[in-house]
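All remarks here apply to the structure that follows.
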Amino acid sequence: VLSSSLPRLVREFVAQNNASQIKHVIQILSQEFALSQHPHSRKGGLIGLAACSIALGKDSGLYLKELIEPVLTCFNDADSRLRYYACEALYNIVKVARGSVLPHFNVLFDGLSKLAADPDPNVKSGSELLDRLLKDIVTESNQFDLVGFIPLLRERIYSNNQYARQFIISWILVLESVPDINLLDYLPEILDGLFQILGDNSKEIRKMCEVALGEFLKEIKKNPSSVKFAEMANILVIHCQAADDLIQLTAMCWMREFIQLAGRVMLPYSSGILTAVLPCLSYDDRKKNIKEVANVCNQSLMKLVIPEDDEMDEAKQSMTLPAEPTSEESVSKPETASSVGHTALNQPLSFPCSSERIQVTLNLDGIVQVLDCHLHDTSIGMMTRIAVLKWLYHLYIKTPRKMFRHTDSLFPILLRTLSDESDEVILKDLEVLAEIASSPAGQTEGHGPSDGSDVRPGPVELHVPARAGQLSSSGMKALECSPSTPTMNSYFYKFMINLLKRFSSERKLLETRGAFIIRQLCLLLNAENIFHSMADILLREEDLKFASTMVHTLNTILLTSSELFQLRNQLKDLKTPESRNLFCCLYRSWCHNPVTTVSLCFLTQNYKHAYDLIQKFGDLEVTVDFLTEVDKLVQLIECPIFTYLRLQLLDVKNNPYLIKALYGLLMLLPQSSAFQLLSHRLQYVPNPELMQTADSTKPSAGFKRTTASNIDYTELLQHFEKVQNKHLEARHQRAGRAEQLDRRVIL
């Protein structure tokens, strides 16, 4: 009856333009048949609705709501055969209506997305036919309501069903291919879901998703001016940290393109980007591709920071750029999205038109927080630590005034990083510390070190003290500095104090890396300032044993390192007041170690004073360590560094105290290889009568220098005796404590 009389009846009503009767027929088919409790009635109702639609022809568009709704209800029927008939019925309805169904597209899409995951193969096959028909209609039409469809697409894209995901991706690919549909404008709404689908277990679905993302990226490269980079930045940050390699690599590739295309628009998201990128820099060869892309992201992001970002006025620190899509929310709170869910990520945002101008602000606080966190994390790899230190150095170069606000909080971890196992990490760390210690921005009021007890008051230069070994007064009245000595800021002295504290608390660091660290600092900063300040600090060191060890280390560096060649020449001649002041400053601290004090006198050609010091050695406690240091000094005398001293042995008449000092060392030594070496050297000192020449009565240049130096050697000798008495008293106290401890153990 339905197949024969119903179409004829409907056509008659159409001819009569009797809309009420048509609606009545559809209502009966729906309520009494399609939605009936009996399966056969439901089947008949579905066939009837399809026949009614065919009979209506082009007028079916007027009754689509009434025709479609009961059919879609049957999509949920428990009987798979009825679901198939519903699919068939809807196919016929859509085929007749064509473009008229587009206003109802969302409900059709919703129903189809459910059928795509149907377990029955016949139902799935029928839904695929309907799906292809609907795609053809959308492709042909220019009236597709993309704005109304996006919320549904955003909701369905988070489905975990493989077939539903495949269905979603297929539709995205279709919509991308339609010239009149600009899906790129709404990419922020679905990008997160696409990356989730990229992690599907099905290779086919992953491949489809890769293709879709690849098409979007091509479109972005073609039309970067219309892309909402800012709204998608945090989405990429999240997926750049994904555990799935494909998701992470794809997201990282997108991030690379975003940074290069959007430029400084990405700056507000720097801390999030660094959180995602930095750990990848330490990946091994198994994730080589991700590591390489992450490195490009890191380098590109670093280049976006410019000196203009250091403007003190917050209103001036922003750079005005041609507007990229952004929003008040995405700029003002860009770093918080890494912890938000899909709902927050997919909220639609409004954007200014491209003709407007926006301001891009560098979120330095957020960046420093991320860098600081990575430095504190002992589990991160070496390359990540190096990258963090490069970032800090770059920020101190480009934005020094702003960075000095964070220096007090960064300083402790930078000092701890000196204990790192990697030499490369230590080198980068020293570069950062050296920049902090020498940057003019460190002299700005309010950015000085917080620990006022450890440092000189106020933002000052490092000057040569008025009297060797004395700290400058609070007024810091400067004496004349060496022309080659650069100005140091108020962090320089704090750095020296804390470095020595670290050496004191970590003796292993001093033994294994101490010389390396100080030598590198002498290259990065001014060697004279370093030695002068360390000598100042060691003069007040309460741990006398550490002071002696540290002085020995500094002396070895001074005498043997190529980096100290210029400083050695300056001390060797003592021609200027500055060099003499430096000698006196070093001497006072070198007194913590008798043998190093003698070697300093040899270096500065103060041979008479060296002889006087050796005479005092008879009053000292001669230990194995003491004799070992004398042994090492004899070895040093045979090195190229003291070539001038050995040549002066030819001038016996004008260097009697040099010979006496060397004989004094010989008398201190036991019968050892060093004794034999020095004894053999002294055997070849020439007879003064044989070496006498016509001008031998004239005083030598060395003699003139010594008498003109105006150094109070008597006072220096008294200071040496005072320091050695302190050391003797300290040794006796340590010995007493050790003896008491032994007694307690015995008892």
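Being part of a helix (DSSP H, G or I) and out of contact with any Phe, Trp or Tyr (no Cβ under 8 Å at 6 or more places or on another chain): is that true of ARG513 here?
Yes.
What are the residues in segment 249-305 that are of a type in the set (D, E, K, R) and part of a helix (DSSP H, G or I), if any?
If the condition is that a residue be of a type in the set (D, E, K, R) and part of a helix (DSSP H, G or I), then ARG256, GLU257, ARG264, ASP285, ARG286, LYS287, LYS288, LYS291, GLU292, LYS303 are the ones that fit.
Within segment 206-246, work out how many residues are within 22 Å of the chain's Cα centre (by Cα) and open to solvent by 10 Å² or more (accessible area, probe 1.4 Å).
Residues meeting the conditions: 7.
Tell me, yes or no, whether segment 155-170 has at least one residue that is free of Cβ contacts under 8 Å to residues at least 40 places away in the same chain, within 19 Å of LEU102 (Cα to Cα) and not β-branched (Val, Ile, Thr).
Checked against the condition, which is being free of Cβ contacts under 8 Å to residues at least 40 places away in the same chain, within 19 Å of LEU102 (Cα to Cα) and not β-branched (Val, Ile, Thr), segment 155-170 yields at least one hit.
If you scan segment 537-564, which residues turn out to be open to solvent by 30 Å² or more (accessible area, probe 1.4 Å), of a type in the set (S, T, N, Q) and closer than 20 Å to PHE626 by Cβ?
Answer for segment 537-564, where residues must be open to solvent by 30 Å² or more (accessible area, probe 1.4 Å), of a type in the set (S, T, N, Q) and closer than 20 Å to PHE626 by Cβ: THR549, THR556.
What is the number of the single condition among (1) at pLDDT 80 or above; (2) open to solvent by less than 30 Å² (accessible area, probe 1.4 Å); (3) closer than 28 Å to LEU538 by Cα that GLY736 does not meet?
Evaluating GLY736 over (1) at pLDDT 80 or above; (2) open to solvent by less than 30 Å² (accessible area, probe 1.4 Å); (3) closer than 28 Å to LEU538 by Cα leaves (1) as the failure.
Could you grab me the full set of residues in segment 126-160 that are more than 23 Å from ARG83 (Cα to Cα) and open to solvent by 50 Å² or more (accessible area, probe 1.4 Å)?
Across segment 126-160, the qualifying residues are THR139, GLU140, ASN142, GLN143, ASP145, VAL147, PRO151, ARG154, GLU155, TYR158.
The values are calculated or read from the model by the stated rules, or taken from the named source; none is laboratory data. This structure is a prediction, so every number in the text was calculated from the model and none was measured. As a convention, Cβ positions derive from the backbone with ideal geometry for all residues, glycine included, and neighbour counts pool all protein chains shown. To get the accessible areas, we keep the full protein, side chains included, count just its heavy atoms, and leave off ligands, DNA and RNA. Shrake-Rupley method; radii C 1.70, N 1.55, O 1.52, S 1.80 Å.
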